[in-house]
Amino acid sequence: MAESITDDRPRVRGRVVVAFVLTRLGGALFVLWAVATLTFFALRLIPGDPALAILGGPGSQASPEALEAVRREYGLDQPLFVQYLTQLWRLMMGDLGRSYSLNMDVAPLVGVQLGGTMQLAFLSLALAWLLALGLATWSTRGGKIARSIGSGLEIVAAALPHFWLATVLILLFSIWLGVLPPISTPGIAGLVLPVLTLAIPLAGFLGQVMRESLLTALESPFVLSARARGESERGVRLVHAIRHAALPAISLSGWAFGSLISGAVVVETIFARPGLGRTLLNAVTERDVPVVVGVVMIVAVVYILMTLLTDVASRLADPRLRAA
Amino acid sequence: MQLSTVSRGVLPLATLAALSALLLAGCSPSPSGTSSSQPVSGGTLTYASGDAEPTCLDPHVGGNYPQALVSTQYLESLVSLDADGTVIPWLADSWTESDDGLTWEFTLVPDVVFTDGTPLDAAAVQANVAHLQDPETASSTGYLALKKVVATEAVSPEVVRFTLSAPDSALLESLSQPWLSIESPTALKRTQDENCAAPVGTGPFVVTDWVKQDSITLERNEDYSSPPADATHEGVAYLEKIVWRFIPESATRYAALQAGEVDVIDNVQPDTIVQAEASDSIRHLDAPRPGASNRIELNSSTVPFNDPLVREAFIRSANVDDAVTSLFQGTAERSYSALSSVEPLGVSAPDLFGYEPDEADGLLDEAGWTERDSDGYRVKDGERLTVRFPVSTNQSIPAEQSLFEQIQATAKETGFDLVLEPMDLSSWYAALAANEYNAVSAPYTKVGPDVLRILYHSSSIVPAPSGYFANLSQVSDPQLDTLLTDASQESDADARAALFTDAQDLLLGGYYLLPLYDQQNHFLLDSEVEGTRALPTVSAPTFYDTWLNR
């Protein structure tokens, strides 16, 4: 894309932008198709009869008539490839289909559950950033001991499994101290423990990256020259160093968002929160193919959007990237 | 009022008796004098279920236990059972059976109205039978129970007549189940989606909201008039509202109960029960489910369990008693019966199921499994004595899975290679349908001993198109078939009991199954929750008599 820098004629530049957008869009569509295909076949290759799952459940014996009716209703009597094509065609038409197990259309179902998970993921990401930034700046400002403490905390936090952390937090805050509810409640209180569970390990990851690049930045020439210009230590850190340190963390945030959504499967189940993660878990055990595909598609779309956003954010934070 | 611990290791009937006694005790002045012992009206009860969220709140559709649990609060059946297992009136005041057993007439309780204003009459009952028998409804449990009903007729607005193809001694027991509850015919005319979201019945509560994957809201039916004959009060329920939540994680459910966020939890695990029994603020309700006991079925259709000697050897080699004691910590009692201990006609045969490894060795020698391979497993004609055991991780709780591992360990000493294959529900069904199992544990809940016919009659080996069949030990014994068929058609209670006793003697003596314990069904209640009992039909708790002592 070096041409676009030298060639300032608006037409050519426009064409380049269009090509860029088209490539991005094509890539996104390919990802969505691959996701739909992989999930569909992965789920159908596992042994098990979805018709039984629809009617079944422990202890109930489905009658042949009922099974036949269900097979017809959901098109399960068709060959697998026909079912796949039907599903793909419907997806292209924007129709996510109908849930086998929940007796409702997938689109509104996923739409309702999306809100809860997004709220959880964004709050966790924000808190993780705050914790990581705080720890990174504190530990680089302090001496060697502070750095060891910081890095130790980060390593431990990053290694904590969600289910363990959730259980410990419930034990501590709900049972011993009795200050926070262990399950979702209408107010904000029910959000605290789930958000902490997701944010702490992520803060460990982000913190490690931030501290490293903060240290590099503080020793680099542009900080030296800023200091030489007489800028205050606080100014140096806020304007130059942190901005520099944030870069790798910003590009990690796209990935982090994906990991938060997978963490939501565990966290939503433990804290009994409605959301995509819990929907996905139920749907997988029920062999509810339309819901699994629907959730995975939505997550893929969100992931693609987040990657775009982090691209933009990186460009804003790093003037070097803006030229490209 | 002393309510801290209830029913540990006590027979379930005694449990119910004890509970009733406690309820009665609730009517006398409390010795402490600090809390009221007169039922108080009002308040919201929060119930936290660990079961899967029902996909449809109408238990006619499908028909499983999670549906039975919640629908017990808003739907009612024609008849119920009392604590002794006797059939008692509910929506039907009285009933008569013709001498040939082919015609039944039910007289309905007068002036009962569904919560949508539709009156309960003979036509309403007819509409419900039609709904259950319609393949479009996709009823499994209710459909099976009504298989012998060929026609219904409204004799008068209050009297409905059922015509049967053959006598059915289990008809009343079947009709008592929540899966055959009576719903408003007006509401049933709606689409299935609408009916699934908010079924309309005559119960003490009404479904007013259902936020999927979160909660169902039930509000008091202010015109309620039809409690079962054994309820402790009349008129509307005490509770104003029930919030029915779904909390899949066992530890979170208990934490929520301890934190006071919820008032009742179900699916309580053994370690939690032991913890809770040490607490003064939590009560335990032990309500084993009716029908079959939890048992390991030995597949008699293939090697090695087609040989009765090998079946007996396996049973002798399994140290179940010690494993149940250590893993269930006194919360479950060992069963020696094919039927649940709440079934009055269950035959218990402790002598048949003892742990005798020496005898097991002798039996295997006699059966020709004389050699052992380098791993210590028995071998015959170059084949190892392998027992494939698919375990449904959805249905077997962790303690039960550990129990299977203990059985695996003791059976190994005798030379059985018990291969545990944990799998999810769909894969598990598939393994059974493909006959890829030698042993399996499958729960089955049904009211009455007729469950034996479903589980052990040879006609239940014939798979449905899905491949699923109920006779998992694949017993095929003409003598047993005759006994079970005769029992299902015998209307004389004593003769019926004798037939079922003979059938169980034959079954247990054939070593087709290894009984473990009752189908566990434990609830923990905040001690402020008073007057809750399990309905003796399928042991689902009813909150009609419940009040909050806050």
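FYI, it's all coordinate maths here, none of it is from the lab. Please read these numbers as outputs of a predicted model, since none were measured by experiment. Neighbour counts run over all protein chains shown; Cβ positions are idealised from the backbone, glycine included.
Worth a mention:
- Directionally averaged projected area (region B:280-423, Cα convex hull): 10.4 nm².
- With Cα atoms, 0 to 90° folded angle of helix B:398-414 axis to chain B main axis: 20
- From least to most packed, judged by other beta carbons within 10 angstrom and beginning with the fewest, B:T137, A:T37, A:T23, B:T272 follow the order A:T23, A:T37, B:T272, B:T137.
- Net charge contributed by nearby residues that have their C-beta within less than 10 Å of B:A367 (K/R +1, D/E -1): -1
- Cα gyration tensor, region B:425-550 - rounded (a/c under 1.5), prolate or oblate: oblate
- If only the Cβ of Lys and Arg carry +1 and only the Cβ of Asp and Glu carry -1, the dipole of region A:232-320 around its Cα centre is close to 300 debye.
- Gyration tensor verdict on region A:106-323 (Cα atoms; rounded if a/c is under 1.5, prolate if a/b is larger than b/c, oblate otherwise): oblate
- FRET efficiency estimate (nearest 0.05) - Cβ-Cβ, A:F81 to A:V21, R0 30 angstrom: 0.35
- Selection from B:F114, A:V296, B:T163 lying farthest towards where the dipole of the protein assembly as shown points positive, charges on Cβ: A:V296
- Relative contact order for region B:294-517, counting Cα pairs under 8 Å that sit 6 or more residues apart, in percent: 31
- Between B:I88 and B:R550, the contour length at 0.36 nm per residue exceeds the alpha carbon distance by 163.0 nm.
- Normalised by 2.2 N^0.38 Å, where N is the number of residues, the alpha-carbon radius of gyration of region B:294-517 equals 1.00.
- Potential lengthening of the chain between B:A123 and B:R372 amounts to 82.9 nm, from the contour at 0.36 nm per residue minus the alpha-carbon distance.
- Chain B: calculated mean residue ellipticity at 222 nm from DSSP helix runs of at least 4, using -39500 (n - 2.57): -8500 deg cm²/dmol
- Normalising by residue count, region A:59-134 has a Cα convex hull of 168 Å³ per residue.
- Using the Cβ-Cβ distance between A:E233 and A:L305 with R0 set to 35 Å, the FRET efficiency from 1/(1 + (r/R0)^6) comes to roughly 0.40.
- Using θ = phi - 60° and Karplus 6.51 cos²θ - 1.76 cosθ + 1.60, couplings along region B:530-547 (whole Hz; Gly, Pro as x): 10, x, 8, 9, 8, 5, x, 5, 10, 6, 7, x, 10, 9, 5, 8, 7, 9
- Between 0 and 90°, nearest 10: helix A:289-317 axis offset from chain A longest Cα axis: 10
- Mean projected area of the convex hull spanned by the Cα atoms of region B:48-87, taken over all viewing directions: 3.7 nm².
- A helix-only calculation puts chain A at -25000 deg cm²/dmol for mean residue ellipticity at 222 nm, using -39500 (n - 2.57) for each DSSP H run of at least four residues, averaged over all residues.
- Helix A:64-74 and the longest principal axis of the Cα set of chain A meet at an angle near 50°.
- Exposure proxy ranking, count of Cβ atoms within 10 Å, fewest first, for B:S460, B:S402, A:S101, B:S281: B:S281, B:S402, B:S460, A:S101
- Kirkwood radius and radius of gyration were both taken over the C-alpha atoms of the protein assembly as shown, and their ratio Rg/Rh is 1.03.
- Relative exposure of B:K147, B:K212, B:K446, judged by other C-beta atoms within 10 Å (fewest first): B:K147, B:K212, B:K446
- With contacts taken as Cα pairs under 8 Å at a separation of at least 6 residues, region A:199-302 carries a relative contact order of 20 percent.
- Electrostatic tally near B:A292: other residues with Cβ closer than 12 Å to its Cβ, Lys and Arg +1, Asp and Glu -1, net 0.
- Straight-line reach from B:K212: taking Cα to Cα under 30 Å and skipping same-chain neighbours fewer than 8 places apart, the lysines in range are B:K189, B:K241, B:K446.
- FRET efficiency estimate (nearest 0.05) - Cβ-Cβ, B:D99 to A:F163, R0 51 angstrom: 0.20
- Put simply, the amide H of B:Q519, placed in the peptide plane, has neighbours under 5 Å in B:R289, B:N294, leaving out anything fewer than 5 places away on its chain.
- With contacts taken as Cα pairs under 8 Å and at least 6 residues apart, chain B reaches a relative contact order of 20 percent.
- J(HN,Hα) series, region B:285-293, from Karplus relation 6.51 cos²θ - 1.76 cosθ + 1.60, nearest Hz, glycine and proline x: 10, 9, 10, x, 7, x, x, 7, 7
- Karplus-based coupling profile of region B:70-84, in residue order and whole Hz: 7, 6, 4, 7, 10, 10, 9, 9, 5, 9, 9, 10, 9, 4, 8, with θ = phi - 60° in 6.51 cos²θ - 1.76 cosθ + 1.60 and x standing for Gly or Pro.
- A dipole drawn for the protein assembly as shown from +1 and -1 charges on Cβ atoms has a positive end, and of A:S213, B:V391, B:N471 the residue lying farthest that way is A:S213.
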